[in-house]
Every structure is written in C-alpha cells, then in structure tokens.
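Asks: Have a look at the structure that comes next, please.
Please treat every number below as a calculation from the coordinates, not as lab data. If you're wondering where the values come from, they're calculated on a predicted model, not measured in any experiment. Note that we place each Cβ from the backbone using ideal geometry, even for glycine, and neighbour counts take in every protein chain shown.
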Amino acid sequence: MYSYEDRLRVVQLYIRLGKRVGLAIRQLGYPTKNALRSWHREYMQRLELPASYLCSLTYPQGLPTVLNPQSFSDC
C-alpha cells in the first residue's frame, strides 16, 4: 500500500512526463501501470487523491474453488 504522498508524487510525475507510464514507473520504481492509470483517472476527476484507497479484488468468473493470486484483477 502506498501513502498519499507516494501516490500524489507519481501522478504529478506522470503528468509532467506527458503521461508516459513506463518513464514514471522507471524513475520511481513503483507502482504498476494499472495502479498509476487508476490514480491518475481519480486525480483528474476530483483534482485530488483520496487520503486512502481500497483495493477491491474481483474474480474473473465467479468464486474459484482454489484461490490463485493470478486470478485476481490488479489493484
């Protein structure tokens, strides 16, 4: 889980770099591309990031009988 400051730092860097996901992630070493895009989308909608965030795990096709970490969506 990343702090508010970490998330804000990477979103602002992402914007400064012309929304180039790979460069922002390479420079700071975090987060995943999906997390960064999600944080950016939230930032643009609210012009702010929430102080905390929840990671909702979703199953692609109902509940699996065996929990496999790769069957979850990215947070």
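Asks: Between Lys19 and Asp6, with labels modelled 7 Å along Cα→Cβ, what's the label distance in nm to one decimal, could you check?
Replies: 2.6
Asks: Please list, in chain and number order, the residues 5+ apart from Leu17 or on another chain whose amide H is under 5 Å from its amide H, with Hs placed from the backbone.
Replies: Those lying under 5 Å, H to H, from Leu17: there are none.
Asks: If I take R0 = 35 Å and measure r between the Cβ atoms of Leu28 and Glu48 in this structure, what FRET efficiency does the formula 1/(1 + (r/R0)^6) give, to the nearest 0.05?
Replies: Numbers: r = 20 Å, r/R0 = 0.57.
The computed FRET efficiency comes out at 0.95.
Asks: Students often check this: by mean Cβ neighbours within 10 Å, which of 36-45, 21-30 ranks highest, and how do the rest follow?
Replies: Working: 36-45: 15.7, 21-30: 13.8.
Ranking, from highest mean packing down: 36-45, 21-30.
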